[in-house]
Amino acid sequence: MNQHLEDLKKRMDKTFKTFKEELSHIRTSRASIALLEGIKVDCYGTKMSIPQIATVNIIEGRVLVIQPWDPNLLKEIEKAIQKSDLGVTPTSDGKSLKLVLPPLTEERRKELLKIAGKLAEEARIAIRNIRRDVLEKFKLAKKNKEISEDDYIRLEKEVQKITDEFIKKIDQALAEKEKEILTF
């Protein structure tokens, strides 16, 4: 049964890490390299994220400068950024691209808050589904007399405790992101 608890923790941790990664792709007032990780560029017959094929620097907090290692990829990176939902048009000097992130409007901030909230709710649902799966395994073990009623109750409380910890982590990460979005 301890193996099931370890599996539960691993799966919930993976869900939490995925949620944190998705949150990092939501744009705030500050420039972040994570904004470019989700943008894929056709490169040498495969799709790669911008940080994998270029040096990305942050200047003055709101400007991203992208310098591809292969200058021939500049146009492809520019196209990929324009097709993305980043909402920023890059400017090119022939060697690098500059992305100036405009300040977020109040309306856009509200949209981003809704997106972050939706991601958090999806993560909470995934955590609860993992909890349900493990509890079903414990119920089956109890039914097959592999564990006692007391063990089942103890395991159920342990699973709920772990679930509550991960829900709390999700809520904390969401609160941090909301603060980041609302900060001018």
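Worth a mention:
- Residues of region 107-147 that are touching a Phe, Trp or Tyr at 6+ places or on another chain (Cβ under 7 Å) and without any contact (Cβ under 8 Å) to a residue 24 or more places away in the chain: LYS142 alone.
- Qualifying residue in region 33-43 (condition: at pLDDT 85 or above and within 30 Å of ASP133 (Cα to Cα)): no
- Annotation note: of LEU182, LEU155, the sole residue that is in contact with a helix residue (DSSP H, G or I) (Cβ under 7 Å, 6 or more places away or on another chain) and surrounded by fewer than 16 Cβ atoms within 10 Å (Cβ to Cβ) is LEU182.
- Selected residue (only one of LEU113, LEU135 is in contact with a Leu (Cβ under 9 Å, 6 or more places away or on another chain), surrounded by 14 or more Cβ atoms within 10 Å (Cβ to Cβ) and closer than 24 Å to THR183 by Cα): LEU113
- Selection within region 34-47: residues that are of a type in the set (Val, Ile, Thr) and in a strand (DSSP E or B). The member of this set that is surrounded by the most Cβ atoms within 10 Å (Cβ to Cβ) is VAL41.
- Region 48-66: number of residues that are within 12 Å of SER32 (Cα to Cα), open to solvent by 10 Å² or more (accessible area, probe 1.4 Å) and in contact with a helix residue (DSSP H, G or I) (Cβ under 9 Å, 6 or more places away or on another chain): 2
- Going through (1) at pLDDT 90 or above; (2) under 25 Å from the mean Cα position of the chain (by Cα) one by one, TRP69 falls short only on (2).
- Any hit, region 70-81, residues being in a strand (DSSP E or B), of a type outside the set (Lys, Arg) and open to solvent by less than 80 Å² (accessible area, probe 1.4 Å): no
- Selection status of ASP171, surrounded by 14 or more Cβ atoms within 10 Å (Cβ to Cβ), assigned to a helix (DSSP H, G or I), in contact with a Lys or Arg (Cβ under 9 Å, 6 or more places away or on another chain) and of a type in the set (Asp, Glu): no
- Selection of first residues in region 59-76 that are farther than 17 Å from VAL100 by Cβ and of second residues that are surrounded by fewer than 14 Cβ atoms within 10 Å (Cβ to Cβ) and of a type in the set (Gly, Ala, Ser), restricted to Cβ pairs under 7 Å at least 6 apart or on distinct chains, gives the following pairs, ordered by first then second residue: LEU74/SER92.
The values are calculated or read from the model by the stated rules, or taken from the named source; none is laboratory data. As the structure is a prediction and not an experimental result, all values here were calculated from the model. Cβ sites come from the backbone with ideal geometry, for glycine too, and all protein chains shown count toward neighbours. Accessible surface areas use protein heavy atoms only, side chains included; no ligands, DNA or RNA. Shrake-Rupley method; radii C 1.70, N 1.55, O 1.52, S 1.80 Å.
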